[in-house]
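Structure record follows, encoded as structure tokens.
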Amino acid sequence: MMMRSAMIAAIYGMLAGALAAVTLWCMNTINHWVWSLSDARWYVPLVIMLGGVLIALIRDASENVDLTAQLAQVHDVLHLKKRSTLFLALSAIIAVGFGGAVGPEAGLVAVVSEASAVVAILIARSRVEARLIGDTGTVAALSGLYGAPPGAAVYTESDNVLSHHLDNESTPLPLKFLGAVAGLGGFLLLARWLIPSGGIRLGLPAYIAPRDGSDLLWAIVPALLGAGAGVVLRFSRLYTIHVLKQLGGLKAQTLLGSAAFALLVTVVPAVRFSGHHELVHLLAYGVDANWLMLFGLGLLKALALALCLSSGWRGGEIFPLLFAGAVLGLVAVAWFPSIPVTLALIAGMTAAATSGMGKPIAVLLIILLLTGASAPSALFVGVLVGYGVMRLLPPAHH
């Protein structure tokens, strides 16, 4: 029985990772096609509003769930509402393609969930195996996207806890990790041809941590600034959800929220997109920008994420928060030039993602594999500060 479960996790994990790569390629292709047609300023709000209209048209057909609820649902793939999941996938693909300030997670998970449901019907011998297939598909897709199997496994495990799915039928964490590793392999195998960049690779300046503990102190300021992105996300999301609900139904909420996002993007185009591609160019931008511009960009990125999530633009939070945290980390460098850039970036990103998402262990593992172990003190301080701020904030999901 255990051998069969391990084979399912390994083989289906690789297939699910490959499917996630194809889905991400489709998202990137749509995004490139849409945004390569014109670079005129008037074109930006036009595209955003077109995306908002398309999302509004299909929003009633998909369940009104965020990524946390979506991850909880795929534990039972045999009872997924197929039509709803398909429309959710389409909505998430539109959100990424038309410039939403959200990550691609929702679309990848939705597409892979559909495949998991089919596979479970064909080969599952029990409810336990069906759940294994659903969990494997999800963790494989996220592992490929993040390039961090342990982080993806813990990410879904934390949602498992929050969803009260810890029972005798829960998928063991070692099997999730096996599926995550296989998923990363399948993702990279296809991404090698489909996606030139392969995945997220953040090349940071070389940094050798001192042995006197000073890096712990240097990391505090960028971590506090980065945590501010999580504060903006939490409170602005609460406020925008409340205001939009007062203004009408789901379609009206999507259109009005999209209009606000379009206005913000017209003024500050850099808040578009998830931010994972923009992270590569962040260092060059940070050299030319003053601290006030960086501070505003970091907070507005978090606000853009809140607007998108509140108005039905499906997607994940981690990449926009990483971008916002990295920008705010550079503010600390502008204030205190003695702070090493690499340390500031890692501390800011970690604190932003932790305070905004409320998943400290998953964030720690993802950023550790994303950036390497060159600044462990920055990771530690970022998680600690982000977690402390998180405990003072209202719940992340509603």
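Evaluating Thr371 against the criteria (1) under 18 Å from the mean Cα position of the chain (by Cα); (2) at pLDDT below 95; (3) open to solvent by less than 10 Å² (accessible area, probe 1.4 Å) leaves one unmet condition, (3). Residues of the stretch 89-112 include at least one that is closer than 21 Å to Ile11 by Cα, modelled with pLDDT of 90 or more, part of a helix (DSSP H, G or I) and not β-branched (Val, Ile, Thr). Scanning the stretch 277-336 for residues that are farther than 22 Å from Leu50 by Cβ and among the polar types (S, T, N, Q) turns up just one, Asn290. So is Ala227 crowded, with 17+ Cβ neighbours inside 10 Å, modelled with pLDDT of 85 or more, at negative phi and touching a helix residue (DSSP H, G or I) at 6+ places or on another chain (Cβ under 6 Å) or not? In short, yes. Report the residue count in the stretch 113-130 for those that are free of Cβ contacts under 8 Å to residues at least 60 places away in the same chain, in a helix (DSSP H, G or I) and open to solvent by 10 Å² or more (accessible area, probe 1.4 Å). Of the residues in that region, 6 qualify. Is it the case, given these coordinates, that Ser338 is of a type in the set (Gly, Ala, Ser) and surrounded by fewer than 24 Cβ atoms within 10 Å (Cβ to Cβ)? Yes.
Looking across the stretch 241-286, the residues that are β-branched (Val, Ile, Thr) and buried (at least 22 other Cβ atoms within 10 Å of the Cβ) come down to Thr254, Val265, Val271.
For the stretch 35-83, filtering for residues that are buried (at least 16 other Cβ atoms within 10 Å of the Cβ) and either at pLDDT below 85 or among the basic types (Lys, Arg) (or both) leaves 15. Every listed requirement among (1) in contact with a helix residue (DSSP H, G or I) (Cβ under 9 Å, 6 or more places away or on another chain); (2) outside any loop (DSSP other than H, G, I, E, B); (3) within 24 Å of Tyr146 (Cβ to Cβ) is met by Ala262 save one, (3). Of everything in the stretch 208-224 that is in a helix (DSSP H, G or I) and without any contact (Cβ under 8 Å) to a residue 12 or more places away in the chain, the residue that is most open to solvent (accessible area, probe 1.4 Å) is Leu217.
May I ask you to verify whether Glu278 is within 20 Å of Arg41 (Cα to Cα) and acidic (Asp, Glu)? In short, yes.
The values are calculated or read from the model by the stated rules, or taken from the named source; none is laboratory data. On a predicted model such as this, the values are computed, not experimentally measured, just so you know. Methodologically, a virtual Cβ is constructed for each residue, glycine included, from the backbone with ideal geometry; neighbour enumeration extends over all protein chains shown. Accessible surface is based on the protein model in full, side chains and every heavy atom, while ligands, DNA and RNA are left aside. Shrake-Rupley method; radii C 1.70, N 1.55, O 1.52, S 1.80 Å.
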